[in-house]
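Down below is the structure, laid out as structure tokens.
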Amino acid sequence: MSGRRHPGPRTPQQPSAPEQPSAPEQPSAPETQSASGAHSTPAAPARRTLLLTAATALTTGALATACGTAEGRPPGEVAVLGDSAAWEKPMAAAGMAMKTVGGPRMVPEVNPSLESFEQVVKSSLRTDRTPDMLKYWSGYRLRDLARTGGIEELTRQWDRAVAKGWVDASLREAFTYRRRVYGLPMNLAYWVFFYNPEVFREHRLKAPETWDDFLAACARLKRSGVTPLHGTADGRWPSFIWFQEILSRQDPAFYDDLMNGRERYTDPRADRALRTLQSFFDKDWFTPMDMNHPDAAAAMLHGEVGMVPCGTWLGSTLAAAGGKPGKNLGAFVLPMADPMADPKARPCVIFEASALVATVKGPDRTEALQATRTWLHPTVMKAFSHALQDGCPNPRVAAPNPVIGSLAQKVRGDKLWLLNRFWEQGPPELVEATVDDLAGFLLNPSSARETLRTMQGRADEAWRVWREAERT
């Protein structure tokens, strides 16, 4: 059944323990996580620090829970509040490694409700009961947090890491506000297309190297009874994926300008991206629009779905479903759509990276700043990225598996333009609203121009408010 004819997405359950961006993932029982923070996972251990999941429960008690112990951690420890249970073990591994290189031991604390996490963070920054450190988003969401004055500037830590070769300097803009750094990259997820090499070989296909190869692979898979592509509005946030992937491959410079408010959604280039997406619906290339990422991962491994676009953080979900990198699990960067139309156009890849943030009023501020000085150390980064099984912002750290290794080699070897993910681009309120607009388009793909007009109307107002706030 095509996604076009399928009923709307299921209303996502409010997890008592997480699911899904960040970025972010899902070891044992498959949780899907992205830096965007929407997730669904198995219940968390009782000893984990859990916050109230209802956003309405932002009472004094909830804020105290959010900050761990109001008096702080024991000497030599520092708490890091995040929104993903899948990151708890990797953060604990990094914390233990940090102790060996002269830093404090980081202790993860988890609030698995995205809405509650955001509200607790922003509310607590106005009080004296603030978490020591945060796992947060990059881009405009980080800038929004920096504008509160509640988080530490980390420019010196960044410059020191760059001088030591511990971080990819091209990532800097995603972690700055008014040219100052306010967060350090935690992971480096590339947005790619996962596929099953065994299934591709069965249908005499290989990973596409050109846009035409990609279209031909979709057509052959469809003729062979395999649904070529995963598309979904399940959980709401994934609705931006296909617009992001197509637009960035058709015109990466326009994508960058549009996401930063320098271009308009009503531009013919945005219309072309949605019409390309519409043509994929017309060819019946998509899964039902309520198929979530864990189900798509399993279907891909079983040969029922051809390709699944997602951040490399999906790798742990695929591994939990039986995926073996290099055997039945591979990934490729979607090729550029018109490489000859503009020979100067730089090939690109979308990236996603969570930010490690230190707060100004945290009870263990000294330990938090110590942690920022050692976070990007190769020993710490290896412990974290290998436990997370995702890409690493420190280029000196070996990849945790062959799939990540080959992707990192291509990105760095071909010097691909790293473009930040849709979720982190633009005023947060605008992103939230336009994601809903794109979800509506996925369920009614005949409404391209109307969707783009609506998105531009929202953008006009959101950018006006954002720029007004910048002036004050």
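Computed values, structure above
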| item | result |
| --- | --- |
| Residue-wise HN-Hα coupling along the range 152-160, computed from phi with Karplus coefficients 6.51, -1.76, 1.60 (Hz; x: Gly, Pro) | 7, 6, 10, 4, 4, 4, 4, 4, 5 |
| Anchor K222: lysines whose Cα lies under 21 Å away (excluding residues fewer than 8 positions away in-chain) | K206, K283 |
| Cα-based equivalent ellipsoid of the range 254-407: semi-axis lengths in Å, sorted from largest, via gyration tensor | 33, 25, 16 |
| Residues with amide H under 5 Å from that of N420, placed H, sequence gap 5 or more | F351 |
| Computed accessible area, W211, all protein chains, 1.4 angstrom probe, square angstrom | 30 Å² |
| Under 19 Å from K89, Cα to Cα: aspartates and glutamates that are on another chain or at least 8 residues apart | E19, E25, E31, E77, E109, D132, D390 |
| Stretchable slack from Q278 to A398, in nm (0.36 nm times residue separation minus alpha-carbon distance) | 39.2 nm |
| ³J(HN,Hα), Karplus 6.51/-1.76/1.60, whole Hz, each residue of the range 383-389, x for Gly, Pro | 4, 6, 5, 6, 6, 7, 6 |
| R264 paired with R204, simple spin-label distance in nm, labels 7 Å along Cα-to-beta-carbon | 4.9 nm |
| HN-Hα J in Hz across the range 169-174 - Karplus 6.51, -1.76, 1.60, θ = phi - 60°, x for Gly and Pro | 4, 5, 7, 3, 4, 5 |
| Sites matching trypsin sites (Lys or Arg not before Pro) across the range 159-251 that sit in DSSP coil, with at most 14 neighbouring C-beta atoms within 10 Å | K164, R178, R179, R204, K206 |
| 5 angstrom amide H check on E77, placed H, neighbours 5+ away | R105 |
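The values are calculated or read from the model by the stated rules, or taken from the named source; none is laboratory data. Predicted model only: the values in this text are computed from it and were never measured. Glycine gets a Cβ as well: all are built from the backbone with ideal geometry, and neighbour counts include every protein chain shown. Areas reflect the complete protein model, heavy atoms only, side chains present, ligands, DNA and RNA absent. Shrake-Rupley method; radii C 1.70, N 1.55, O 1.52, S 1.80 Å.
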